[in-house]
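> Can you read through this structure? Questions will come right after.
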Amino acid sequence: MDSPEDGRKVHNRPIPRTGGLAIAAGVLGPILGLALHENQISALIYQDGARIVTLLLGAVAALALGLLDDLFRVPAKFRLLAIFGIALFEWLGGHRIDAVTVPSIGTVQLGLFSLPVTLLWIAGIIVAFNFIDGLDGLAGGIALIGTLTMLMMAYIDGNLLWLTWAGAMAGALLGFLCFNFNPASIFMGDSGSNFLGFLMALVSLETSRKGPTAVALFVPMLAAGLPILDAALTMVRRALMREGLFVSERGHIHHRLLDIGLTHRRAVLVLYAFTVVLSLSALALLSKIPTLQLTAAVVIAAAIFWLMFVTGYVRLEDLRLMYRQGVRNKARARILQDLVEDAVSDIAAAPIWDLEASLSRLIGRTGISGVSWSRTDGSRLVVGDFEDKAKGVRASFSFPDGDQTTEIVFLWRGRASGPSQSEVVALRTFLARAAERTPGATTGLDAFPLKPN
């Protein structure tokens, strides 16, 4: 279930987040069914069987990685490493970007650069779809529009195999959106965003492979233009705000549209319209009419500039605010590190260690509003303003404690961005020293009498 207590969430009730399994069944079911019977599609599948098997295995791996994250919250760095591993497997299986074509220059063979370019394309699209999955129906609708664009390209090229793939994707997404559009009754979760991002990356390459060389690179990029733009702007924003590349936060394009006053549905529809404009312009680039190509290029540039303007990425004042927030974030992390150093010194020096006093020192100027320190036997210590259902961001740590398990949860009430890496390191330093304080105990809980919860 996707909990609404997270400060980044915009829904107000728990919602299932394993809809990616349904999307995968809707896409892979027809493809595998066709492969089991003798027909024109199965002939094409077996004609290039190794590449199709590679794609299927990669899709299942992306789905499984996302499902693990939905169920157990896999660390971001491990997820990214696994995604690059999947991308490498696809490159070895023959799904490669071997050349790119630049207008007015011609086709450029990538040679040794084929591997890094392919890895960045596949991993980048997967991560981008993960970023854009923040509002009911948004990622599914964007993927549907992009898929229909790929379907049209496959139809124009007479590419029956990839026309079938795109058709299966479109059908699955249409069915899923019936339950995912606002108000959603199910989310696709990371399993769905990983699976869709992977297929968008791979199928877009296959459907554009036979296209006009001058636009073969740009069409798939425009079909996934919104997720790519959001991912790029996210990196810029996180750099300005000094939050770290792996910090979850509430600052994506769709969040910023909500912040300027759009309703949930209107924000989604605006982004649908933006994606339709990019996709139609991508198809216009396939024409051989220079005037139409120029018009499409102007429309693309205008649409991107408009979206960046309304979301505050080309206004100097908005950029200044991001930078100032970054300075505050850095100062807040520095304060936490200083307080942890003081607390660690006190823990080491005090003949009788007071856990509650040590935790209290970390609350306030650091932005931490409260801490819950509990054992599986029901004993619990709560310090500061902490509520289990409070809206905000949490950092949780679990440790074995004899035959018990101890869980420590730090709450930043009302905060929309997760703790930075330096904040997490500081908290771990505090917890490690607390664990050393009491001989024979792994968390130092025995040094303070806990009351039954």
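The values are calculated or read from the model by the stated rules, or taken from the named source; none is laboratory data. Here the structure is a predicted model, which is why all the values come from computation and not from measurement. Cβ sites come from the backbone with ideal geometry, for glycine too, and all protein chains shown count toward neighbours. Remember, those area values only see protein heavy atoms, side chains included, never the ligands or the DNA or RNA. Shrake-Rupley method; radii C 1.70, N 1.55, O 1.52, S 1.80 Å.
> Which value, in Å², gives the accessible area per residue of the chain when a 1.4 Å probe is used on the protein heavy atoms?
45
> With N set to the number of residues, divide the alpha-carbon radius of gyration of the chain by 2.2 N^0.38 Å and report two decimals.
With N residues counted in the chain, Rg over 2.2 N^0.38 Å equals 1.11.
> How much FRET efficiency would the formula 1/(1 + (r/R0)^6) give for L81 and I289, where r is the Cβ-Cβ distance and R0 is 60 Å, rounded to 0.05?
Calculated value: 0.85.
> Lys/Arg Cβ at +1, Asp/Glu Cβ at -1, dipole of the chain taken about the Cα centre: which of A390, V60, L321 is farthest positive-ward?
Checked the options; the winner is L321.
> For helix 76-92, what angle does its Cα long axis make with the longest principal axis of the chain, in degrees from 0 to 90 and rounded to 10?
30
> Please report, as a whole percent, how much of the solvent-accessible surface of the chain comes from carbon and sulfur atoms (probe radius 1.4 Å).
In the chain, the share of accessible area belonging to carbon and sulfur is 65 percent.
> Turning to a different aspect of this structure: Nearest 10 degrees is fine. How inclined is helix 264-284 to the longest principal axis of the chain, computing both from alpha carbons?
40
> State the answer as a single residue: which of L240, S369, L160 lies farthest towards the positive end of the charge dipole of the chain, with beta carbon charges of +1 for Lys and Arg and -1 for Asp and Glu, about the Cα centre.
Ranked along the dipole, the leading option is L240.
> For T406, which sequence-distant residues (separation of 5 or more, or a different chain) have an amide H within less than 5 Å of its own amide H, given hydrogens modelled in the peptide plane?
Those qualifying (amide H under 5 Å, at least 5 residues apart or on another chain) are F399, D401.
> Is the stretch 64-156 rounded, prolate or oblate when judged by the Cα gyration tensor, a ≥ b ≥ c being the square roots of its eigenvalues, rounded requiring a/c under 1.5 and prolate requiring a/b larger than b/c?
Note, shape of the stretch 64-156 comes out oblate.
> On a 0 to 90 degree scale, rounded to 10, what angle separates helix 160-180 from the longest Cα axis of the chain?
Tilt of helix 160-180: around 40 degrees.
> For the stretch 253-354, what is the relative contact order in percent, using Cα pairs closer than 8 Å and at least 6 residues apart in sequence?
For the stretch 253-354, the relative contact order is 17 percent.
> Which peptide among 28-41, 114-127 comes first, and what is the full order, when sorted by highest mean count of other Cβ atoms within 10 Å?
So the order, starting with the most tightly packed, is 114-127, 28-41.
> Could you work out the helix-only [θ] at 222 nm for the chain, with each DSSP H run of four or more residues adding -39,500 (n - 2.57) and the total divided by the number of residues, to the nearest 500 deg cm²/dmol?
Here the helix-only value at 222 nm equals -20500 deg cm²/dmol.
> Now for a separate question. In debye to the nearest 20, how big a dipole does the stretch 61-136 give about its Cα centre with +1 on each Lys and Arg Cβ and -1 on each Asp and Glu Cβ?
That gives the stretch 61-136 a dipole magnitude of about 240 debye.
> So what's the net charge close to S185: Lys and Arg +1, Asp and Glu -1, counting the other residues with Cβ under 13 Å from its Cβ?
0
> Quick one: what are the phi-derived ³J(HN,Hα) couplings along the stretch 226-239, Karplus 6.51/-1.76/1.60 with θ = phi - 60°, whole Hz, x for glycine and proline?
5, x, 5, 4, 5, 5, 5, 5, 4, 5, 5, 5, 5, 5
> From the backbone phi of the stretch 252-261, what are the Karplus-calculated ³J(HN,Hα) couplings (6.51 cos²θ - 1.76 cosθ + 1.60, θ = phi - 60°) in whole Hz, Gly and Pro given as x?
6, 3, 5, 5, 5, 5, 5, 5, 8, x
> Please get the size of the charge dipole for the chain, origin at its Cα centre, with Cβ charges of +1 on Lys and Arg and -1 on Asp and Glu, quoted in debye to the nearest 20.
It works out to roughly 1100 debye.
> Could you give the alpha-carbon Rg of the stretch 142-209 over 2.2 N^0.38 Å, rounded to two decimals?
Normalised Cα radius of gyration, the stretch 142-209: 1.14.
> Then there is this: Would you work out the relative contact order for the chain, in percent, from Cα pairs under 8 angstrom that are 6 or more residues apart?
Computed over the chain, the figure is 17 percent.
> To the nearest 20 debye, what charge dipole does the stretch 370-432 have about its Cα centre, counting +1 at the Cβ of each Lys and Arg and -1 at the Cβ of each Asp and Glu?
Computed about the Cα centre, the dipole is about 300 debye.
> Which of the peptides 91-98, 333-340 is most tightly packed, and how do the rest follow, judged by the mean count of other Cβ atoms within 10 Å per residue?
Result, highest mean Cβ count within 10 Å first: 333-340, 91-98.
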